[in-house]
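Chemist: Take this structure first; my questions come after.
The values are calculated or read from the model by the stated rules, or taken from the named source; none is laboratory data. Since we're looking at a predicted model, the values are computed, not measured. Here the Cβ positions follow ideal geometry from the backbone for every residue, glycine too, while neighbour counts run over all protein chains shown.
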Amino acid sequence: MALIQFREALGQAMAEEMARDDRIFLLGEEVAQYNGAYKVSKGLLDRFGAKRVIDSPISEAGFAGLGVGAAMAGLRPIIEMMTWNFGLQGFDQIINHAAKMLYMSNGQFNIPIVFRGPNGAAHMLGSQHSQNFDAMLTNVPGMKVISPATPYDAKGLLKSAIRDNNPVIFLESEMMYALKGEVPDEEYLIPIGVGDIKRPGNDVTLIAWNKMLHVAVDAAKELEAQGIDAEVLDPRTLQPLDEALIFASVRKTHRLVIIDEGWDFAATSAQIADRVQRECFDDLDAPVVRVNSLFVPMPYAEELEAAVLPSVGRIVQAVKDVLYVGN
Amino acid sequence: MASEPKSKYEPAFLISAYQDMLFYRRFEERVNQAYQKGKFAGFCHLHIGQEAVCVGVQKALRPTDYVISGYRSHTQAIAKGIDPKAVLAELFGKKAGAVGGKGGSMHMFSKEHRFLGGHGIVGGQCPIAAGVAFAIKYDEKDDIIVCYLGDGATNQGQFFEAMNMAATWNLPVLYIIENNQYGMGTDYHRVTSVDRLSKRALAFDMDHSEVDGMEVLKVHEHVSGIVAKMRKKPRPYLLEVLTYRYRGHSVSDPAAYRTKEEVAKFQQRDPILQLAEVLKKQKIATEDELKAWDKAVKERTAAIEDFADAAPKPEVSDLWLHVLAD
């Protein structure tokens, strides 16, 4: 085992896969000579050369489409979006083209492409650099969406994403790139669509992913001190959701709080809540409660931003609400 | 009116070019009739008047080259090798259609023939074409990709982004603007800062030119030269082909924005009639033979329609197929 940073886990995943398969290339802004805006691709240019690690112009729509074309002609692109806020420019190619090509072509052209980059808020970056696109991206048939929370999950899932023969959206976070975690020395893969119980418990299920997973874990510690035993479930993949794991947890605890960094309206957590109320109606002892970002563009000032995002305090309150305990 | 016949063109080549254009004309006319009879619905964008472009271009390519296009692409799909029976069956939404009834008029694909669609997002095919060219270069092949686009598409941002990457990285993509003067109902002069669209290449230091799209031999000779150079030294090219569509933007467009005189002016330079004059002048075909070919083509398109009529519909469960690959 080695203790490495989230960014290193991603870098290792890409390096291992690129060494294994010369059809894979990485393209994006600053990925080559700058070693990556967030140093995720550090060392890849030196190791694999300029043919396979390519600095792009600032043309998200263009280079997302270039990736689609390269995939149609037999390559396996990894396209980095410096942040998914910029990746929004590329949504036409991702949603109208990559996600639909296999279907429109009646199975002739699959698009084995990974679109990866940081998603959601960082720290005081303002409204145009802080958006969470889970809801928009999970709402599209024809592609998979992964959002890991730990270096271990990141490496295993990015390897699987690269080997997958479909478009895969891989959502990271600027705030987690320095997060350290244990990663095996030997090769391993994590299957797409399989979640993970990060902390077993009996009183309430907390579902959270990406950086909210860590906020949920902190909330679980706080709750433990108050005598409440929370189970923390990390779906890891958002599309497809590991419904079996979710339903099993809710059937055990009978209460569900979902912590979702996205705005609440039509969020990914709304999908989970609906599926649970549909399939576990008789197992619930309280309504499903969601803790989301407040429905405002992200403000700049530190205290305002902190108030918008889900916090330990709001999670603890939500848990008490579903347990019907006093304040 | 007719261009001077090129001595390098064998009679067999001229006959083939003529018969291809004629077939595409009669096929699209039959497609229109089928639509008006209610045999299918949705969007349908006819290529009538522009046949010299797809025939001239296709005859300059080889099977391992790729073609990608926008939505006015039935004839381009057939030219690249998709069976016209499969094209009409696709329009009729049948399982025997080119893509099993899953795509329709705007989304014909063939992996075998390297026809990459059929796309409905104006300009969306442009960066995809650059990506295919990227892969060709990555594999060190000397194939090329032809990317058809319309005059309207040259104002879409993705076109510029694709052109920049193609030029910066010397990608072997031939962007062919079929300038038929109108983006749907809009004369391109009203919405474009330059008259000559090929000049857009100047912004990228890219080679470019224009050619008369109403003469198939001119198109063929011009494109052949470009393609030969591109295979030796991969770099992109922007070709503007001056052409015209006789019908509206789609089958539901009466084209009130054009005068009958303007349409007639281009019909006088009809590519099929022009080549017919060449064939007669060179004594390759007589008027009677031309009439006989037309009759045979019409019978062929009628048989194609019979096939498409009789072909079964997809299973409802087919709607679940090919969302994700294994």
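Chemist: Since B:Ala167 meets every condition but one in (1) in contact with a helix residue (DSSP H, G or I) (Cβ under 7 Å, 6 or more places away or on another chain); (2) surrounded by fewer than 19 Cβ atoms within 10 Å (Cβ to Cβ), which condition does it not meet?
Modeler: B:Ala167 satisfies every listed condition except (2).
Chemist: Could you pull out the residue among B:Tyr244, B:Tyr257, B:Tyr237 that is crowded, with 16+ Cβ neighbours inside 10 Å and over 24 Å from B:Phe134 (Cα atoms)?
Modeler: Working: B:Tyr257 fails: crowded, with 16+ Cβ neighbours inside 10 Å; B:Tyr237 fails: over 24 Å from B:Phe134 (Cα atoms).
Going through B:Tyr244, B:Tyr257, B:Tyr237 in turn, just one is crowded, with 16+ Cβ neighbours inside 10 Å and over 24 Å from B:Phe134 (Cα atoms): B:Tyr244.
Chemist: Further question on the same structure: What number of residues within the range A:53-63 satisfy the criterion of being more than 7 Å from chain B (Cβ to nearest Cβ), farther than 21 Å from B:Glu140 by Cβ and aliphatic (A, V, I, L, M)?
Modeler: Here the count works out to 1.
Chemist: Next up: Out of B:Ala276, B:Ala292, B:Ala285, which single residue is surrounded by fewer than 17 Cβ atoms within 10 Å (Cβ to Cβ) and over 30 Å from B:Lys102 (Cα atoms)?
Modeler: Values: B:Ala276 fails: surrounded by fewer than 17 Cβ atoms within 10 Å (Cβ to Cβ); B:Ala285 fails: surrounded by fewer than 17 Cβ atoms within 10 Å (Cβ to Cβ).
Checking each option against the conditions leaves just B:Ala292.
Chemist: Let me ask something additional. Count, please, the residues in the range B:194-217 that happen to be among the hydroxyl-bearing types (Ser, Thr, Tyr) and within 26 Å of B:Gly120 (Cβ to Cβ). Talk me through it step by step, then tell me what you get.
Modeler: Quick first cut of the range B:194-217, residues among the hydroxyl-bearing types (Ser, Thr, Tyr) only: B:198, B:209.
Remaining after also requiring within 26 Å of B:Gly120 (Cβ to Cβ): B:198.
Residues meeting the conditions: 1.
Chemist: Which one is nearest to A:Asp22 (Cα to Cα), of the residues in the range A:88-117 that are within 11 Å of another protein chain (Cβ to nearest Cβ) and among the aliphatic types (A, V, I, L, M)?
Modeler: Within the range A:88-117, the match that is nearest to A:Asp22 (Cα to Cα) is A:Ile113.
Chemist: Looking at the range B:305-323, which of its residues are within 14 Å of chain A (Cβ to nearest Cβ) and touching a helix residue (DSSP H, G or I) at 6+ places or on another chain (Cβ under 7 Å)?
Modeler: B:His322, B:Val323 - these are the residues of the range B:305-323 that are within 14 Å of chain A (Cβ to nearest Cβ) and touching a helix residue (DSSP H, G or I) at 6+ places or on another chain (Cβ under 7 Å).
Chemist: Filter the range B:39-76 down to residues that are away from every other protein chain (no Cβ under 14 Å) and charged (D, E, K, R) and give me whichever is farthest from the chain's Cα centre (by Cα).
Modeler: Here the residue is B:Lys39.
Chemist: Being over 18 Å from B:Gln274 (Cβ atoms) and modelled with pLDDT of 95 or more narrows it down to one of B:Phe23, B:Phe40, B:Phe13, so name that one. Before you say what the answer is, go through the steps one by one.
Modeler: Numbers: B:Phe23 fails: over 18 Å from B:Gln274 (Cβ atoms); B:Phe13 fails: over 18 Å from B:Gln274 (Cβ atoms).
None of the others qualify; the one that does is B:Phe40.
Chemist: Now for a separate question. Output the residues belonging to the range A:88-116 that are touching a strand residue (DSSP E or B) at 6+ places or on another chain (Cβ under 6 Å) and among the aromatic types (Phe, Trp, Tyr).
Modeler: Within the range A:88-116, A:Phe115 is the sole residue that qualifies.
Chemist: In addition: Inside the range B:157-188, can you point out the residues that are without any contact (Cβ under 8 Å) to a residue 60 or more places away in the chain and within 20 Å of A:Asp92 (Cα to Cα)?
Modeler: Once the filter is applied, which keeps residues that are without any contact (Cβ under 8 Å) to a residue 60 or more places away in the chain and within 20 Å of A:Asp92 (Cα to Cα), the range B:157-188 yields B:Gly157, B:Gln158, B:Phe159, B:Phe160, B:Glu161, B:Ala162, B:Asn164, B:Met165.
Chemist: Taking interchain pairs and intrachain pairs at least six residues apart, which have beta carbon atoms under 6 angstrom, with the first residue in the range A:105-129 and among the charged types (D, E, K, R) and the second crowded, with 16+ Cβ neighbours inside 10 Å?
Modeler: Pairs found: A:Arg116/A:Glu80; A:Arg116/A:Phe170.
Per-residue answers, yes or no, for (1) surrounded by 24 or more Cβ atoms within 10 Å (Cβ to Cβ); (2) out of contact with any Phe, Trp or Tyr (no Cβ under 8 Å at 6 or more places or on another chain); (3) in the same structural domain as A:Glu224 (by TED's automatic domain parsing):
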site: A:Gln128; (1), (2), (3): no, yes, no
site: A:Asn139; (1), (2), (3): no, yes, no
site: A:Ser147; (1), (2), (3): yes, no, no
site: A:Leu158; (1), (2), (3): yes, no, no
site: A:Ile162; (1), (2), (3): yes, yes, no
site: A:Val168; (1), (2), (3): yes, no, no
site: A:Leu179; (1), (2), (3): no, no, no
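Chemist: Which numbered condition in (1) in contact with a helix residue (DSSP H, G or I) (Cβ under 8 Å, 6 or more places away or on another chain); (2) within 13 Å of chain B (Cβ to nearest Cβ); (3) surrounded by fewer than 21 Cβ atoms within 10 Å (Cβ to Cβ) is the only one that A:Leu66 fails?
Modeler: Only one criterion is unmet by A:Leu66, namely (3).
Chemist: For the subset of the range B:116-132 comprising residues that are more than 7 Å from chain A (Cβ to nearest Cβ) and surrounded by fewer than 24 Cβ atoms within 10 Å (Cβ to Cβ), which member is nearest to A:Leu102 (Cα to Cα)?
Modeler: Looking at the filtered set, the residue picked out is B:Gly120.
Chemist: Do you know which residues across the range A:297-327 are in a loop (DSSP other than H, G, I, E, B) and within 25 Å of the chain's Cα centre (by Cα)?
Modeler: Narrowing the range A:297-327 to residues in a loop (DSSP other than H, G, I, E, B): A:297-301, A:309-311, A:324-327.
Correct list: A:Pro297, A:Met298, A:Pro299, A:Tyr300, A:Leu309, A:Pro310, A:Ser311.
Chemist: Need pairs with beta-carbon distance below 6 Å; first residue buried (at least 16 other Cβ atoms within 10 Å of the Cβ) and within the range A:37-48, second of a type in the set (A, V, I, L, M) and part of a helix (DSSP H, G or I); sequence gap 6+ or separate chains.
Modeler: A:Val40/A:Leu10; A:Phe48/A:Met18
Chemist: Taking the criterion of being closer than 20 Å to B:Leu197 by Cα, in a helix (DSSP H, G or I) and either among the aromatic types (Phe, Trp, Tyr) or under 18 Å from the mean Cα position of the chain (by Cα) (or both), would at least one residue in the range B:107-125 satisfy it?
Modeler: Looking through the range B:107-125, at least one residue is closer than 20 Å to B:Leu197 by Cα, in a helix (DSSP H, G or I) and either among the aromatic types (Phe, Trp, Tyr) or under 18 Å from the mean Cα position of the chain (by Cα) (or both).
Chemist: Of the residues in the range B:87-115, how many are facing chain A (nearest Cβ under 7 Å) and hydrophobic (A, V, I, L, M, F, W, C)?
Modeler: 2
Chemist: In addition: Working only within the range B:134-172, note down all residues that are part of a strand (DSSP E or B) and within 12 Å of chain A (Cβ to nearest Cβ).
Modeler: Of all residues in the range B:134-172, those part of a strand (DSSP E or B) come to B:145-150.
Answer for the range B:134-172, where residues must be part of a strand (DSSP E or B) and within 12 Å of chain A (Cβ to nearest Cβ): B:Ile145, B:Cys147.
Chemist: Sticking with this structure for a sec: Among residues belonging to the range B:176-218 that are assigned to a loop (DSSP other than H, G, I, E, B) and touching a Pro at 6+ places or on another chain (Cβ under 7 Å), point out the one that is farthest from B:Phe160 (Cα to Cα). Spell out how you get there, then give the answer.
Modeler: Just the residues of the range B:176-218 that are assigned to a loop (DSSP other than H, G, I, E, B), to begin with: B:180-181, B:184-185, B:191-196, B:205-206, B:213-215.
Cutting the leftovers down to touching a Pro at 6+ places or on another chain (Cβ under 7 Å) gives us B:206, B:214-215.
Details: B:Met206: 12, B:Met214: 27, B:Glu215: 29 Å.
Within the range B:176-218, the match that is farthest from B:Phe160 (Cα to Cα) is B:Glu215.
Chemist: If you take the residues of the range A:71-87 that are within 26 Å of A:Gly120 (Cβ to Cβ) and hydrophobic (A, V, I, L, M, F, W, C), which of them is farthest from the other protein chains (Cβ to nearest Cβ)? Full working, then the answer.
Modeler: Kept after step one, since they are within 26 Å of A:Gly120 (Cβ to Cβ), are these residues of the range A:71-87: A:77-87.
Remaining after also requiring hydrophobic (A, V, I, L, M, F, W, C): A:78-79, A:81-82, A:84, A:86.
Values: A:Ile78: 13, A:Ile79: 10, A:Met81: 15, A:Met82: 16, A:Trp84: 18, A:Phe86: 13 Å.
The residue in question is A:Trp84.
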